[in-house]
1. Can you tell me how many residues in the range 69-102 are hydroxyl-bearing (Ser, Thr, Tyr) and within 12 Å of the ligand (Cβ to nearest atom)?
2. Checking the conditions here, which among Val245, Val258, Val251, Val224 is under 21 Å from Ala79 (Cβ atoms), at pLDDT below 95 and more than 12 Å from the ligand (Cβ to nearest atom)?
3. Would you point out the residue of the range 296-318, among those that are in contact (Cβ under 8 Å) with a residue 60 or more places away in the chain and in contact with a His (Cβ under 9 Å, 6 or more places away or on another chain), that is surrounded by the fewest Cβ atoms within 10 Å (Cβ to Cβ)?
4. Quickly run through the range 103-117 and pick out the residues that are in contact (Cβ under 8 Å) with a residue 24 or more places away in the chain and surrounded by fewer than 23 Cβ atoms within 10 Å (Cβ to Cβ).
5. What about Cys18, is it at pLDDT below 90 and of a type outside the set (Ser, Thr, Tyr)?
6. In the range 103-123, which residue that is farther than 24 Å from Asn149 by Cα and hydrophobic (A, V, I, L, M, F, W, C) is farthest from the ligand (Cβ to nearest atom)?
7. Look through the range 274-293, keep the residues that are hydroxyl-bearing (Ser, Thr, Tyr) and in a helix (DSSP H, G or I), and return whichever of them is nearest to Leu77 (Cα to Cα).
Amino acid sequence: MTLSIEDHGKLDEFWAYCVKNQYFNIGYPESADFDYTILERFLRFSLNNCGDWSEYCNYLLNSFSFEKEVMEYFANLFAIPFEESWGYVTNGGTEGNMFGCYLAREIFPEGTLYFSGDTHYSVSKIARLLRMKAKAIKSKPDGEIDYDNLISSISLDGEKNPIIFANIGTTLKGAVDDISIIQERLSQAGIERDNYYIHADAALSGMILPFTDNPQPFSFADGVDSISVSGHKMIGSPIPCGVVVAKQRHVSLITSRVDYILADDKTISGSRNGHTPLMMWTAMRSHSFSDWRNRITRCLDLAQHAVDCFRQKGINAWRHRNSITVVFPKPSDALCKKHCLAASGDIAHLITTGHHHDTHKIDTLISDIVAEICHHQTSDVQDKIESTSNHSWAGTAF
Ligand SMILES: *Cc1c(COP(=O)(O)O)cnc(C)c1O
């Protein structure tokens with residue numbers, strides 16, 4: 001097996017491209033400051049974690065013992081006794097969300113899935129794949145679910161077994177749906193705890209909130225039934241992955257025995273990545289609680305720095321408490337492209353993930369935006385002579 005000289009050249013070119021762009025990202029939640037070089041030697045093995053890590057599997061090249069320790073770590077982080085939990089290393093946040101919804105649907109086959117309008121786009125795909133009744137609930141301008149609308153929809157639907165898809169940090173605005181309020185309101189509406197299900201989509205913030213002083217409710221102790229977090233976001237990973245944790249007693253409902261692999265099949269995919277559990281394990285073993293805490297404090301401070309700088313320039317930027325997502329009025333398409341910003345409607349965001357050690361990228365972005373606004377304001381004055389049209393750059397205040 002050899003590659004042609006041209007193909008070598010193509011790979012070399014791609015290598016140089018990756019090295020150059022390694023830390024490009026300010027608009028997406030991926031951290032790039034990981035180091036798994038210690039694991040490179042395992043790339044020669046076809047690792048496969050097909051099935052349940054807690055059981056014997058006769059496919060010998062598995063990393064189950066590492067996956068088990070990853071799951072112990074996250075059970076602890078999300079406040080559920082390890083023996084009462086079950087979960088696995090997924091291909092990403094979406095698969096974890098699907099797993100949570102799948103469990104919920106098995107428990108409440110007729111239950112309706114409720115989620116806010118700010119929920120990640122994958123939720124509608126999941127609802128369709130699982131053929132669940134699903135309903136989008138209004139969200140408030142800051143991205144948090146509208147609790148009144150949620151409860152009145154549930155009542156109007158006469159839904160006895162609501163399945164709540166709660167955002168623990170929305171993609172665009174970093175908003176957290178308050179699962180304490182949701183539970184209180186469900187209880188007031190006469191729906192008892194055993195009659196509803198709460199899945200927490202904590203793709204980004206699942207690895208932030210546990211390390212903050214005053215977290216919004218997010219854990220099993222706070223009332224979730226399952227939670228999904230992405231591995232390639234706050235933690236960082238060269239291969240997309242994630243972790244999902246659920247309650248063991250719920251998982252036993254979906255378990256089926258497969259003779260062929262001599263293991264129980266509970267996961268959504270059959271063959272599963274055996275390398276990503278090694279990565280998550282290495283990340284957990286090489287960072288102490290206070291390492292994570294320091295890293296996350298630094299990210300939060302940087303986010304606040306960005307908010308302060310924007311505001312000093314008269315631009316209405318903001319962020320939620322405990323969020324590294326900074327929301328600001330969307331600049332021109334050209335600037336979004338230049339800084340690789342994700343935008344939606346009239347807002348854009350930047351996310352101060354782990355590899356942003358200094359303020360350089362943020363400062364450059366802000367000065368580019370300021371320059372653009374000044375330019376537009378000058379042309380606005382000229383515009384006004386001819387028409388009454390105006391540009392609003394201030395955005396909506398929350
Ligand atoms: C990124 C994200 C997801 C999807 O996670 P993937 O790891 O990309 O599958 C789901 N929900 C939220 C809130 C996200 O930000």
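1. So the count comes out to 2.
2. Answer to the selection: Val251.
3. Only one residue fits best here, namely Leu302.
4. Arg105, Glu106, Ile107, Phe108, Glu110, Gly111, Thr112
5. Working: at pLDDT below 90: no; of a type outside the set (Ser, Thr, Tyr): yes.
Here the answer is no, as Cys18 does not meet what is asked.
6. First pass over the range 103-123, keeping only residues farther than 24 Å from Asn149 by Cα: 103, 106-107.
Retained after the next criterion (residues that are hydrophobic (A, V, I, L, M, F, W, C)): 103, 107.
Values: Leu103: 17, Ile107: 22 Å.
Per the stated criteria, the residue is Ile107.
7. Filtering the range 274-293 for residues that are hydroxyl-bearing (Ser, Thr, Tyr) and in a helix (DSSP H, G or I), the one nearest to Leu77 (Cα to Cα) comes out as Ser290.
Every residue, every condition in (1) within 13 Å of the ligand (Cβ to nearest atom); (2) over 19 Å from Glu110 (Cβ atoms); (3) not assigned by TED's automatic domain parsing to the domain that holds Cys241, yes or no:
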| position | (1), (2), (3) |
| --- | --- |
| Arg131 | no, no, no |
| Gly143 | yes, yes, no |
| Thr171 | yes, yes, no |
| Asp178 | no, yes, no |
| Arg193 | no, no, no |
| Met207 | yes, yes, no |
| Phe211 | no, yes, no |
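The values are calculated or read from the model by the stated rules, or taken from the named source; none is laboratory data. Note that this is a predicted model, so its numbers are computed, not measured. When we count neighbours, we look across all protein chains shown, and the Cβ atoms used for this are built from the backbone with ideal geometry, even at glycine.
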